[in-house]
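S.K.: Input: one structure, supplied below.
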Amino acid sequence: MKKIFAKLCLSFFIISSYPTFSQSLSKSQFKDYFTQGNLMMLDNFYDTAVRTFLALNKFDAANANVNYKIGVCYLHLPAQKLKSIPYLENAIKQTSGEYREDEPNEKNAPEDALYYLGQAYHYAYRFDEAIEQFKKFRGIIGKWNLNLVKDVDHWMDVSKNAKELILKPVECTITNLGDSINSEFADYSPVISADESILAFTSRRLGTGGPDNKTIDDLYYEDIWVSNRGEYGTWRKSKSISKTINTDGNEATIGMSADGQQLYVYSDDNGDGNIYISKLDGDYWNAPYKIDASNINSTKWEPSACISADGNTMYFVSDRPGGYGGRDIYQCHRLPNRNWSEPENLGPTINTSYDEDAPFIHPDGVTFFFSSTGHYSMGGFDIFYSTKVANNIWTNPVNMGYPINTTDDDIYFVTSSDGRRAYYASFRPNGKGEKDIYMVSMPKPFVKTVAILVGWLKNRDGSPIPPNSTVTVKSSKGESTASKANEASGKFVQSLFPGQDYEITIEANGNKVFNDKFFLPMDSSYLNLGRGFFQRTIYLGDTTRWFSLNKVTDTSSAI
C-alpha cells in the first residue's frame, strides 16, 4: 500500500507540474523531471515515465538520451510498441560507449539503442532492418557478455524465422470474438469445455473490487468472466463468473476440464502463484481450493495448467529449479489412490532454455499445444503443437504459423474437439483493447478424430437426479473414463474415439441404474455441421435401448 501511495503521489507531482509549452525550462527543472522519469522507469512505471520524457522532448527534441528513454518506455507498453521507432531512430544518431544513465546532462544515448531499435523494427515486420541493427549491436558488444550475445543472436534468429513464416501463411480465418467477450481492457487466457458450450477467460476490466481496486501499475485486478454459447452458435454477453471465485486480488483462468465441471484457477498468493480448482455445483461455482499436492504447487511460480479429457494427466508450468531454463512444462499422472504422481519434466523436446507456458492437451489425448519464446519462434510467445508418441515421448514441436502467430505474444491456445476452431489471446490491429480473444477457423485440423458425447440424465417426473450420479464409458479396447453428471442440469460430457464399441454404465446412489452398449461409427465426429459431438437424454430407470446412432436426429441444438 505504501508503494501504491508513493506512485500516486509521484504521478500527481509529475502530471500537475508539467511545464506548459509557453514556459522556458531551467536546468534545475530539466534535472528534476529527468530524475523523476528515471525513477519511474526503475520501478517499471513506463506509462507515467513516458509522459515525463515526452514533455522534456518538447524542449530538446535533439536530445538523444531523452529520445532513447521515450523509445524504451514505449517498447514496454504492450499496445504502443511501434511508437518507439521514430524516437529510437533519433537516439542512434548520437550514441556513446561511456553513457551515464542517471546523469541529466547526458545528451548521448547508450549503444543499447541499436538493440532496442532492432526489436522495434521486428515488431513492425521490418525484419531486414531489425537484423541490421542487431548485427551492429553485436559488433559493438563483442564477446564480453555471453548472455547478451546469446540474446542478440536469438533475436536475429527470430527475425529470420519470421521472414520465412510470413512467406508461407497457413490457411485460416481469424475473427475477433467481439463485444460480448472482449472489452477495452486486456482480455486473455480463454478456456473451453469440450462441447464448446462454456468459454471462461481472464479480464482486466472493472470487476469485483470496484473502480478503486487497482494494482500498483494502475490496472484493474484480474477477474474471471464467463460466457455460454447461445442456440444459434454465438457467444452470449459475458459476465463475472462468481464472487466465490473473484476477489479483490488476482484470479485468472488457466484450464477447464473437458466436461466443463471443473475450472482451474491461478491465484497470486502474495507472489507465490499457485493452481486452484473450482467445481461447478449445479449452476453455482464453488470457492476455489488449492490443489493439495505439494509436488504440483511449490514455493516457486505455477502460472498455468490443463487436464486431459480423461482426468488422469495434468500438465502444468513452473519455474522451479532443475528445469531447462525459465518456465518449463511438467506432467503428473493420477495414481490408483487418486493422488498425483511426482512431476516429470516434459524434457528438451518441449522445453527450451527460454520460457514455455499455456499447455493444452486436446481431447484426443495426444495433440499437445503450448506457447514458447524458444523453438522456431517468430517473436514473443508463439503457439506450437506436438504429438505424444508414448509417455513423455513427443514429436518435435511445429510452429502453428503466420498469421496465427505474430511478432508479438500469442498465447493461451485451446482448440475445439474437431480441431476446426481454436480460441486464443493476441495483440492485433483494430482490437477492442490491449489483448483480445480471437477465434481461429482452420479447414485442416491438426488433431485426431474425436467424438464428444453430450448427455443429460433426467427423471421422468422432473425431480432432481441423485447426487454424485456417475457415468462410466468403457471402450472395446479396455479404456475406461468416468464423469459426474451436473446435479442441476444432469449434463455429462465424454470424449470418445470413433470406430469402436462402447459400454455405458450409469450409477446413482451406489446402484447401477442404466447400462447399454453401442458402436460409434467413424463418421460420428461430424454429426452436426462439422462439430465433433452428439447429444442424447437418458431417463434414469429406463431399460429401453437409447443409443442407435444410425437414427441420430435433432442435433441442431447440440451446441
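S.K.: I need the semi-axes of the equivalent ellipsoid of segment 211-251: take the C-alpha gyration tensor, multiply each eigenvalue by 5, square-root it, list largest first in whole angstrom.
M.R.: Here the semi-axes work out to 27, 11, 7 Å.
S.K.: For segment 70-113, what are Rg and Dmax over the alpha carbons, in angstrom?
M.R.: Both quantities, over Cα of segment 70-113: 11.0, 32 Å.
S.K.: Could you order D151, D102, D516, D292 by accessible surface area, starting with the largest, using a probe radius of 1.4 Å?
M.R.: From most exposed to least exposed: D292, D102, D151, D516.
S.K.: Round to the nearest 10 and report in Å² the accessible area of V389, as given by a 1.4 Å probe over the protein chains' heavy atoms.
M.R.: Spelled out: V389, probe radius 1.4 Å, area about 100 Å².
S.K.: Could you work out, for segment 345-466, what percent of all Cα-Cα pairs fall into each 5 Å distance bin, beginning at 0 Å and stopping at the bin that holds the largest distance?
M.R.: Pairs per bin, as whole percents: 2, 10, 19, 20, 16, 11, 7, 5, 4, 3, 2, 0.
S.K.: Taking segment 127-167, which GluC sites (Glu not before Pro) meet the DSSP loop condition and have no more than 14 other C-beta atoms within 10 Å?
M.R.: none
S.K.: With the Cα gyration tensor of segment 290-377 giving a ≥ b ≥ c as the square roots of its eigenvalues, does the rule (a/c under 1.5 for rounded; else a/b larger than b/c for prolate; else oblate) give rounded, prolate or oblate?
M.R.: In terms of gyration-tensor shape, oblate.
S.K.: Can you give me the Cα centroid spacing of segment 288-349 and segment 152-188 in angstrom?
M.R.: First find each Cα centre; the distance between them is then 28 Å.
S.K.: What does the charge count around S242 come to, taking other residues whose C-beta lies under 13 Å from its C-beta (Lys +1, Arg +1, Asp -1, Glu -1)?
M.R.: With Lys, Arg at +1 and Asp, Glu at -1, the neighbours total -1.
S.K.: Given K31/K69; K107/K150; K69/K150; K27/K107; K150/K300, which pairs have Cα atoms separated by over 18 Å?
M.R.: Details: K31/K69 14 Å; K107/K150 29 Å; K69/K150 24 Å; K27/K107 13 Å; K150/K300 26 Å.
Over 18 Å apart, Cα to Cα: K107/K150; K69/K150; K150/K300.
S.K.: Then there is this: Based only on the alpha carbon positions, what is the Kirkwood hydrodynamic radius of the chain, in angstrom? Please list the in-between numbers first.
M.R.: Details: mean 1/r = 0.0387 Å⁻¹.
Answer for the chain: a Kirkwood hydrodynamic radius of 25.8 Å.
S.K.: Let me know the longest stretch in the chain that avoids all chymotrypsin sites (Phe, Trp or Tyr not before Pro) found in a DSSP loop with at most 13 other C-beta atoms within 10 Å.
M.R.: Maximal segment without exposed cleavage sites: 233-559.
S.K.: If you don't mind, there's one more thing I want to ask. How large is the dipole of the chain about the Cα centre if only Lys and Arg carry +1 and Asp and Glu carry -1, each at its Cβ, rounded to the nearest 20 debye?
M.R.: Result for the chain is approximately 640 debye, rounded to the nearest 20.
S.K.: If you don't mind, there's one more thing I want to ask. Rounded to the nearest 0.05, what FRET efficiency do A79 and N468 have when you use their Cβ-Cβ distance and R0 = 41 Å? The partial results should precede the final answer.
M.R.: Numbers: r = 47 Å, r/R0 = 1.16.
E(calc), rounded to 0.05, equals 0.30.
S.K.: Further, regarding this structure: In nm, to one decimal, how far is the modelled label at M522 from the one at K448, with both set 7 Å along Cα→Cβ?
M.R.: Simple spin-label model gives 1.5 nm for this pair.
S.K.: Are there any GluC sites (Glu not before Pro) in segment 192-280 that are in a DSSP loop and have at most 13 other Cβ atoms within 10 Å? List them by number.
M.R.: Numbers: sites: E196, E222, E231, E251; in loops: E196, E222, E231.
Those satisfying the criteria are E231.
S.K.: Let me understand segment 402-473 better: what is its radius of gyration from the alpha carbons, and its Dmax, in angstrom?
M.R.: Considering segment 402-473 through its Cα atoms, Rg and Dmax are 19.1, 58 Å.
S.K.: Sort T244, T173, T367 by accessible area with a 1.4 Å probe, largest first.
M.R.: The ordering from most to least exposed comes out as T173, T244, T367.
S.K.: Which loop GluC sites (Glu not before Pro) in segment 438-530, with loop taken from DSSP, have no more than 15 other Cβ atoms within 10 angstrom of their Cβ?
M.R.: Passing sites in segment 438-530 are E479.
S.K.: Applying 1/(1 + (r/R0)^6) with R0 = 35 Å to the Cβ-Cβ distance of Q94 and D268, what FRET efficiency is obtained, to the nearest 0.05?
M.R.: Working: r = 43 Å, r/R0 = 1.22.
E(calc), rounded to 0.05, equals 0.25.
S.K.: At R0 = 60 Å, how high is the FRET efficiency between D128 and N511 if r is their beta carbon distance? Nearest 0.05 is fine. Let's see the in-between values first.
M.R.: Numbers: r = 71 Å, r/R0 = 1.19.
Between D128 and N511 the formula returns 0.25.
S.K.: Something else now. For segment 95-197, which whole percent of the accessible surface, found with a 1.4 angstrom probe, sits on carbon and sulfur atoms?
M.R.: That share works out to 46 percent.
S.K.: With charges only on Cβ, +1 for K and R and -1 for D and E, what is the dipole size of segment 382-520 about its Cα centre, in debye, rounded to 20?
M.R.: 320
S.K.: Report the gain in length on full extension from E503 to D151: 0.36 nm times residue separation, minus Cα-Cα distance, nm rounded to one decimal. Before the final figure, lay out the partial values.
M.R.: Details: separation 352, 0.36 × 352 = 126.72 nm, distance 5.49 nm.
Taking E503 through D151 to full extension adds about 121.2 nm, to one decimal.
S.K.: Per the Kirkwood definition applied to all pairs of different Cα atoms, how many angstroms is the hydrodynamic radius of segment 102-236?
M.R.: 19.3
S.K.: For the cross-link pairs K81/K237; K448/K477; K168/K444; K458/K484, which exceed 25 Å when the distance is taken from alpha carbon to alpha carbon? Let's see the in-between values first.
M.R.: Details: K81/K237 31 Å; K448/K477 17 Å; K168/K444 15 Å; K458/K484 14 Å.
Among K81/K237; K448/K477; K168/K444; K458/K484, the Cα-Cα distance tops 25 Å for K81/K237.
S.K.: Where does the longest stretch of the chain lie that holds no trypsin sites (Lys or Arg not before Pro) found in a DSSP loop with 14 or fewer other Cβ atoms within 10 Å?
M.R.: 339-459
S.K.: Which value, in Å² and to the nearest 10, is the accessible area of S240 when all protein chains are kept and the probe is 1.4 Å?
M.R.: Surface open to solvent at S240 totals about 50 Å².
S.K.: What base-10 log of the normalised intensity I(q)/I(0) is obtained for segment 194-335 from the Debye formula, alpha carbons as equal point scatterers, at q = 0.12, 0.15, 0.19 Å⁻¹?
M.R.: Evaluating at q = 0.12, 0.15, 0.19 Å⁻¹ gives log10 I(q)/I(0) of -0.52, -0.80, -1.18.
S.K.: Right, next: Just to be sure I follow: if Rg is taken over the C-alpha atoms of segment 252-320 and Rh is the Kirkwood radius over the same atoms, what is Rg/Rh? Could the numbers behind the result be given before it?
M.R.: Details: Rg = 11.7 Å, Rh = 12.2 Å.
Computed over Cα atoms, the ratio is 0.96.
The values are calculated or read from the model by the stated rules, or taken from the named source; none is laboratory data. All values reported here derive from a predicted model rather than from experimental measurement. All Cβ positions, even for glycine, are placed from backbone atoms using ideal geometry, and neighbour counts span all protein chains on display. These area figures cover heavy atoms from the full protein model, side chains too; ligands, DNA and RNA do not enter into them. Shrake-Rupley method; radii C 1.70, N 1.55, O 1.52, S 1.80 Å.
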